[in-house]
Amino acid sequence: MRNIKDISVIIPIYNESNIILELYERLVKVLTELALSYEIIFVNDGSSDDSMQQILALSRKDKDVLYIDFNRNFGHQIAVSAGMEQCLGRCAVIIDGDLQDPPELIPKLYSEYKKGYDVVYAQRNKRLGETFLKKITAKMFYRILERITNFTIPFDAGDFRLIDKKVVVALNEMTEPNKFLRGQIAWLGFSHTSVKFDRDSRKQGVSGYSYGKMFRLALDAITGFSDRPLLFVSRLGLIISLLSFFIILFAVFSYFALDRTVSGWTSLIISSAFIGGIQLLSIGIIGEYIARIDKSVKKRPLYMVKDTNIIPAVDEGSKDD
Ligand code: UDP
Ligand code: MG
């Protein structure tokens, strides 16, 4: 049987081989100074380098190092979710595996948690080593999200945060396949506070979040927490219908009353290109929602585990005497 620890640290890993040891050492130092019993759960999200060997080596040395090794790359949010499904700590810290989130911030997060907050998120003051494009797109994304959802998702906070066990339990009950954890946590509405920090640049390697992955996360966030885009489509339809009604009136009036036909090709090409574009955009927006319904209906497992050293919790009914 696994003991319940004070804190579970969940770390998604995608090609972080050169950092894992330093991350582990810095984490253990911080957690020992806090005198907390801990479990560190590495979720290897289909790394193609030797991250898994590093994790295995640590787990042989330290029985509190747990790992889940995925069959392939299933994505950061899924990796964190897998860690949360298995963690037993009284609280959990979600932290990136590239040392952009400094483990040394954990004592601050923990002390806020001890004041009674269920969610303590780390908010970025500065974002070092990130491109202008990444910063500006991230900023735009948070601002748009703020406007189209009915609850507040904190600006400039990633997934680096400390959450109480009850938040973990609630998240595990949210079975949507398209995860956007920081939105889900905000949606749950537990008491929360933030701690500011300067985000370092990556210790090594490149970001595992390509612009494609970021764009998909942004779409998951928007479609998962707002139906405003659908409202936008129907409103646009209404406005364009009204507008065309007046254009039709004008054209008919001009033909019969003024004996003047509205002149040809330019007006036709403009209107058909305009409507064509609007229609495709609208179908695309609706399609994004349908694709997510499709994924939910299929109920496929969210990830496949190749190997793990986590012994599943024994369920009461199947216990041997
Ligand atoms: N990561 C992951 N799966 C992925 C991409 C990233 O598990 O498909 C992990 C990665 O190892 C890191 C964290 O998620 O621990 C954040 O990723 P990254 O640093 O690449 O994102 P960024 O900081 O650039 O937003
Ligand atoms: Mg990073």
- prompt: Can you find even one residue in the range 35-45 that is under 14 Å from Val9 (Cα atoms) and part of a helix (DSSP H, G or I)?
  reply: no
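Within the range 7-23, track down each residue that is assigned to a helix (DSSP H, G or I) and either open to solvent by less than 20 Å² (accessible area, probe 1.4 Å) or out of contact with any helix residue (DSSP H, G or I) (no Cβ under 9 Å at 6 or more places or on another chain) (or both).
Ile20, Glu22, Leu23
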Members of the range 172-204 found to be basic (Lys, Arg) and open to solvent by less than 60 Å² (accessible area, probe 1.4 Å), listed by number: Lys179, Arg182, Arg199, Arg202
- prompt: Would it be correct to say that Ile185 is in contact with a strand residue (DSSP E or B) (Cβ under 9 Å, 6 or more places away or on another chain), away from ligand 2 (no atom under 16 Å from the Cβ) and on the phi < 0 side of the Ramachandran plot?
  reply: yes
- prompt: Restricted to the range 24-66, and to residues that are among the basic types (Lys, Arg) and either in contact with a Gly (Cβ under 6 Å, 6 or more places away or on another chain) or more than 12 Å from Asn309 (Cβ to Cβ) (or both), which residue is surrounded by the most Cβ atoms within 10 Å (Cβ to Cβ)?
  reply: Arg26
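Quick check on Leu66: is it modelled with pLDDT under 95 and either touching a helix residue (DSSP H, G or I) at 6+ places or on another chain (Cβ under 8 Å) or within 16 Å of ligand 2 (Cβ to nearest atom) (or both)?
Spelling it out, it is not the case that Leu66 is modelled with pLDDT under 95 and either touching a helix residue (DSSP H, G or I) at 6+ places or on another chain (Cβ under 8 Å) or within 16 Å of ligand 2 (Cβ to nearest atom) (or both).
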- prompt: If the Cβ limit is 7 Å and pairs must be 6+ apart or interchain, which residue in the range 90-111 that is over 17 Å from Glu22 (Cα atoms) and among the acidic types (Asp, Glu) pairs with which residue that is part of a helix (DSSP H, G or I) and open to solvent by 10 Å² or more (accessible area, probe 1.4 Å)?
  reply: none
- request: Scan the range 152-173 for residues that are hydrophobic (A, V, I, L, M, F, W, C) and either at pLDDT 95 or above or over 16 Å from the mean Cα position of the chain (by Cα) (or both) and jot them down.
  value: Phe160, Leu162, Ile163, Val167, Val168, Val169, Ala170, Leu171
- request: Within the range 69-101, track down each residue that is more than 17 Å from the chain's Cα centre (by Cα) and within 13 Å of ligand 1 (Cβ to nearest atom).
  value: Asp69, Phe70, Arg72, Leu99
Selection within the range 181-214 - outside any loop (DSSP other than H, G, I, E, B), hydrophobic (A, V, I, L, M, F, W, C) and more than 13 Å from ligand 1 (Cβ to nearest atom): Ile185, Ala186, Trp187, Leu188, Val195, Phe197
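Within the range 190-223, how many residues turn out to be of a type in the set (Asp, Glu) and within 16 Å of ligand 2 (Cβ to nearest atom)?
The first filter runs over the range 190-223 and keeps only residues of a type in the set (Asp, Glu), leaving 198, 200, 220.
Then keep just the ones that are within 16 Å of ligand 2 (Cβ to nearest atom); that gives 198, 200.
Number of matching residues: 2.
Given the criteria touching an Asp or Glu at 6+ places or on another chain (Cβ under 7 Å), surrounded by fewer than 21 Cβ atoms within 10 Å (Cβ to Cβ) and either free of Cβ contacts under 8 Å to residues at least 12 places away in the same chain or part of a loop (DSSP other than H, G, I, E, B) (or both), does Asn3 qualify?
In short, no.
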task: Please state which one of Ser241, Ser226 is hydroxyl-bearing (Ser, Thr, Tyr), more than 16 Å from ligand 2 (Cβ to nearest atom) and in contact (Cβ under 8 Å) with a residue 40 or more places away in the chain.
output: Ser226
message: Of all residues being among the polar types (S, T, N, Q) and surrounded by 12 or more Cβ atoms within 10 Å (Cβ to Cβ) in the range 251-295, which is farthest from Asp227 (Cα to Cα)? Just the residue, please.
response: Ser254
query: With respect to Asp98, is the statement that it is open to solvent by less than 30 Å² (accessible area, probe 1.4 Å), within 15 Å of ligand 2 (Cβ to nearest atom) and not in a helix (DSSP H, G or I) true?
result: yes
message: Could you list, ordered by first residue, the pairs with Cβ atoms under 6 Å in which the first is in the range 178-203 and closer than 27 Å to Ile20 by Cα and of a type in the set (Lys, Arg) and the second is part of a helix (DSSP H, G or I) and more than 16 Å from ligand 2 (Cβ to nearest atom), at least 6 apart or interchain?
response: Lys179/Ser81
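The values are calculated or read from the model by the stated rules, or taken from the named source; none is laboratory data. Everything numeric here is computed off the predicted structure, so don't read it as measured data. Glycine gets a Cβ as well: all are built from the backbone with ideal geometry, and neighbour counts include every protein chain shown. Areas reflect the complete protein model, heavy atoms only, side chains present, ligands, DNA and RNA absent. Shrake-Rupley method; radii C 1.70, N 1.55, O 1.52, S 1.80 Å.
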